[in-house]
Amino acid sequence: MTFAHTAIPLPPGLDERSAAVLRELVETYVQTGEPVGSRTLSRRLPHSLSPATIRNVMADLEEAGLLFAPHTSAGRLPTERGLRLFVDGLLQFGALPEEERDAIAARCAAGGRSLQETLGEASQMLSGLAGAAGLVVAPKREAPVRHIEFVALGTGRALVVLVTADGQVENRVIEVPLGLPPSALQQASNYLNARLSGRTLEETRGTVAEEISANRTALDALTNQVIEAGLGTWSGGAGGSLILRGQAKLLQNLGQNLDYAQRVQEIQALFERLEAQETMLRLLDLAQRGEGVQIFIGAESGLFDSAGLSMVVSPFRNGAEQIVGAIGVIGPTRINYGRIIPVVDYTARVIGRLLG
């Protein structure tokens, strides 16, 4: 796995004992979601540290900006800076057991499903394993086109059916000129199918645009409009799509906080942003920052502000080792990082093998 445990320097004034207390406090918080007190830590730490000693260490950690006291609670919670320190240098995890790797590979196996359905299953699987929202930025389809067909639906509308060389079928509804004769749809289909010849849709679009602009076609103006509308419905943006599963888990994990209503609004705003094409580009950019799994805590990703969320995301590659998508989870800052990071990493590798 490319995300590895590496030792990092502690802030000035903090020693290995401080690191041990911080690590145990964060791991306890991840399990319970509650503020952690010195007595709890004294029972969990392997060292013979008294609650009084641990309180002094916690005070130092709080002064360093790594812990804070919510309300009047005697316990402490990690700040986003404390979580970042934990993830970057104190987190410990091992490789996934073989049976778990096999289970993930089986869930993600194509098995006659379309790529979109397979990626949706992977997103759903991550959501269930993480207790969070699973997300996939699906790659833009660039398979050669085998066949394209225009089918009349009624006044002013037609269905465009596109079949790729790998057997995937996509449909789009387009508007067509009123009074368009059925022969024009058949002529448009025949014209395009004669020029596909194993080309991708983008390549076909370029060839057709050149022929039309150079008046090298025997098509009438109405048929030209149909062809341009049919090809144009697959154009725009960077392509690809966002698959999101388990959004409700984010709302369930908020708990009964005093700012519950505000955080619900923030998460709903996040959902809206995730639907935007520029957000998908941002997710891919974030995933490409490093070689493997990337972890973004709180506002670090720029996708959410103060909703107490983290994102764990990894890119996946095609057979040419090009990054074509990303997969991961968005959840509360107390998600089980040690559990989720290797799962996201392995799932991204499985998806990459499927893309071959």
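The values are calculated or read from the model by the stated rules, or taken from the named source; none is laboratory data. From a predicted model like this one, the values you see are computed outputs, not experimental measurements. As a convention, Cβ positions derive from the backbone with ideal geometry for all residues, glycine included, and neighbour counts pool all protein chains shown. Ligands, DNA and RNA are excluded from the accessible area calculation, which covers all protein heavy atoms including side chains. Shrake-Rupley method; radii C 1.70, N 1.55, O 1.52, S 1.80 Å.
Side notes on the structure shown:
- Computed FRET value (nearest 0.05) for ASN56 with GLU291, which takes r as the C-beta separation and R₀ as 51 Å: 0.80
- Inverse of mean 1/r across different Cα pairs in the stretch 48-186, Kirkwood, Å: 21.4
- Among ARG216, ARG43, ARG23: highest mean-square fluctuation, GNM of the chain, C-alpha pairs under 10 Å: ARG216
- Charge context of GLN124, other residues only, Cβ under 14 angstrom, K/R +1, D/E -1: +2
- With a cut-off of 11 Å between beta carbons, the residues surrounding GLU34 carry a summed charge of +2, where Lys and Arg count +1 and Asp and Glu -1.
- Calculated FRET efficiency for the pair SER114/ARG44, C-beta based, R₀ 51 Å, to 0.05: 0.60
- In sequence order, the stretch 21-28 has phi-based couplings of 5, 4, 4, 5, 5, 5, 5, 5 Hz under the Karplus curve 6.51 cos²θ - 1.76 cosθ + 1.60, θ = phi - 60°, and Gly or Pro positions carry x.
- 0 to 90° range, to nearest 10: angle between helix 51-63 axis and the chain longest Cα axis: 50
- For the stretch 64-71, Karplus couplings with θ = phi - 60° (6.51, -1.76, 1.60), whole Hz, Gly/Pro x: 7, x, 9, 10, 8, 9, x, 6
- Evaluated over the Cα positions of the chain, the convex hull gives a direction-averaged projected area, one quarter of its surface, of 22.1 nm².
- Computed from the Kirkwood radius of its Cα pairs, the Stokes-Einstein diffusion coefficient for the stretch 124-187 at 10 °C and 1.306 mPa s stands at 109 µm²/s.
- Once all protein chains are placed together, HIS71 keeps about 150 Å² accessible to a 1.4 angstrom probe.
- Karplus-derived 3J(HN,Hα) values for the stretch 333-340, using 6.51 cos²θ - 1.76 cosθ + 1.60 with θ = phi - 60°, are 4, 9, 4, 7, 4, x, 7, 6 Hz; glycine and proline are entered as x.
- GNM on the chain, alpha-carbon springs under 10 angstrom: the most fluctuating residue among GLN31, GLN247, GLN116 is GLN31.
- Applying 0.36 nm per residue to the separation of ILE323 and GLU272 and subtracting their alpha-carbon distance, the gain on full extension is 15.9 nm.
- Helix 201-213 axis, angle to the chain major axis (alpha carbon atoms, nearest 10°): 40
- Relative to the longest principal axis of the Cα atoms of the chain, the long axis of helix 182-196 makes an angle of roughly 70 degrees.
- Formal net charge of residues neighbouring GLY292 (Cβ-Cβ distance under 11 Å; K, R +1; D, E -1): 0
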